[in-house]
Amino acid sequence: MGIVQRVCPSARAGILYIYAVSACVLLLVTVAYMSYGKSPSAHILRAALRASYATRINSIFESAAKLHTKPWAKLATLADDFGSRLSGSQGLDDAIDWTAREMRADGLDSVELINVTVPVWRRGSRSASYASLISPRHADLAVMALGGSVPTPGPGEALEAEAVVVSSYGELRTMGAIGSADGKIVVLDAAWVSYDENYEYRSRAAVEAARVGAVAVLVRSLTPHSIYSVHTGGMHYEPGVVQIPAGAITTEDADMLRRMQDRGHVLSLALALNCSVGPPAPSANVVAELTGRTHPEQVVLLGAHIDAWDVGTGAMDDGGGVVAVWHALSLLHSLGLRPARTIRVVLFTNEENGLAGGQAYAEHYASELGNHVLAIESDSGVFDPRGFYAAGGSSETAAALSAVATLLSHPPTHVDARAMTSALETGADISPLLAAGVPTLELQADGGVYFDYHHTRADTADKIDPVELNRCIGVLAAMAYVVADMPETLPR
Ligand SMILES: [Zn+2]
């Protein structure tokens, strides 16, 4: 895919006045740093940042609110017109081209496609993938292969085996020690705690079940609530461990199978999954910039992932993030708010089943990662913004980011995103940057319903509220702008 650059018109004249007025206030921030070495007192830094940036932050929040349904309409187009966007699909290729075209139309300084080779896995036809309870009675069970699963053996034939329901890997290993999972289909029915806690019951399920001799594994969908919804997601195999088919079933069916087993029934299941692996395919990260005024080589990154699972339309995960970071940059551009450092939006490809986009970005810019001041990702939904999760950097980084976060409140538009929560990791796409020493943030939004729809056919545009999306745009724009414009570079 080609590389195209566009140069935007000069900044709006009106903003020059704001710069002039704020120049003396910026001096305060500099003095705050100079007086206190690399770590001015939090109180002084907060006061200096507020004095310098409050007017511009308010303008960002008010302008974001006035975007009305424009960003949401772009999200609906991305989700509806291109649909699911699994790596290697036409939908993803078309979505990448459309988004790049739209961003160029917004007049950003540069919009480039950086080529990335992505792995290809296909679910196969829905009619040829099914699960059934065949004993002690017959019942159809909704099922989806986990992304990356091998198919069941024998095209057109179902794997039939006795099933055993377990609630933890501990229980599975105990069973394995006496050979009682041998040749069976394991149903992994781990109670929902949180996505982070339950994640390993999807990602490692096939490995753990194969180790005790199982022929296939079905995991309870990772969700706190269900209306008979199946949630797919990534999984992996390990060298030296037999690769067995892995799928997800609904929480309702997992509960039912558990109850039947508890009543002493011997369960038998039939399972057919006809997924396949294809040759790696070309794809791309979309990279767009607002070039810094005085330190263009220093970068504040705003990222999201443009690929999505092949079920639903990837509106929440992560179409909302894509639209939010894109419109955060376009909003700053339209307001003439060009910061001292560069703000770079990256729409990563292949987050869901490979992370090739995130890895390729870190490799492509390897020599420039020392100049990556901060990487921010939005990949946890664009519901009402609460603040950020922070990982990486030092206590000085945390203090400075917390000082910036105190600015992220604007009662007239109901924005209150001042929470800064320390975390071990943030967005998956920026994890290679975190590993390279770049401080990272992830937008923290109200997560109330996120995992109800995550990786399901119900991940559609109606789940996103236009007003909340605009608040996320404002919060991302404000955080990126202040960090990209502060007199002193964010300490590491
Ligand atoms: Zn995601």
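Observations on the model:
- Sole residue being at pLDDT 95 or above and open to solvent by 50 Å² or more (accessible area, probe 1.4 Å), chosen from D452, D429, D416: D416
- Residue list for segment 64-100, filter: touching a Lys or Arg at 6+ places or on another chain (Cβ under 8 Å) and closer than 14 Å to V382 by Cβ: A64
- In segment 224-237, the residues that are open to solvent by less than 30 Å² (accessible area, probe 1.4 Å) and farther than 17 Å from L141 by Cα: G233, G234, M235
- Flag if L302 is away from the ligand (no atom under 16 Å from the Cβ), in contact with a strand residue (DSSP E or B) (Cβ under 8 Å, 6 or more places away or on another chain) and of a type in the set (A, V, I, L, M, F, W, C): no
- Counting only helices (runs of 4 or more DSSP H) that sit completely within segment 35-125, those holding 2 or more residues that are among the polar types (S, T, N, Q) and closer than 28 Å to D459 by Cβ correspond to 90-105.
- Members of segment 246-271 that are touching a residue at least 12 places away in the same chain (Cβ under 8 Å), outside any helix (DSSP H, G or I) and open to solvent by 10 Å² or more (accessible area, probe 1.4 Å): H265, V266, S268
- Some residue of segment 389-402 being within 16 Å of the ligand (Cβ to nearest atom), open to solvent by less than 20 Å² (accessible area, probe 1.4 Å) and of a type outside the set (F, W, Y): no
- Selection from segment 334-350 of residues that are in contact with a Ser or Thr (Cβ under 9 Å, 6 or more places away or on another chain) and within 14 Å of the ligand (Cβ to nearest atom): L347, T349, N350
- Pick from segment 355-379, criterion crowded, with 23+ Cβ neighbours inside 10 Å and in a loop (DSSP other than H, G, I, E, B), ranking: nearest to the ligand (Cβ to nearest atom): D379
- Flag if V438 is open to solvent by less than 10 Å² (accessible area, probe 1.4 Å) and over 15 Å from the mean Cα position of the chain (by Cα): yes
- Only one of G314, G233 that is within 16 Å of the ligand (Cβ to nearest atom), at pLDDT 95 or above and closer than 30 Å to I60 by Cβ: G314
The values are calculated or read from the model by the stated rules, or taken from the named source; none is laboratory data. All values derive from a computational prediction rather than experimental measurement. Using ideal geometry, Cβ is built from the backbone for each residue, glycine included, and neighbour counts are taken over all protein chains shown. Heavy atoms of the whole protein, side chains included, go into the accessibility calculation; ligands, DNA and RNA do not. Shrake-Rupley method; radii C 1.70, N 1.55, O 1.52, S 1.80 Å.
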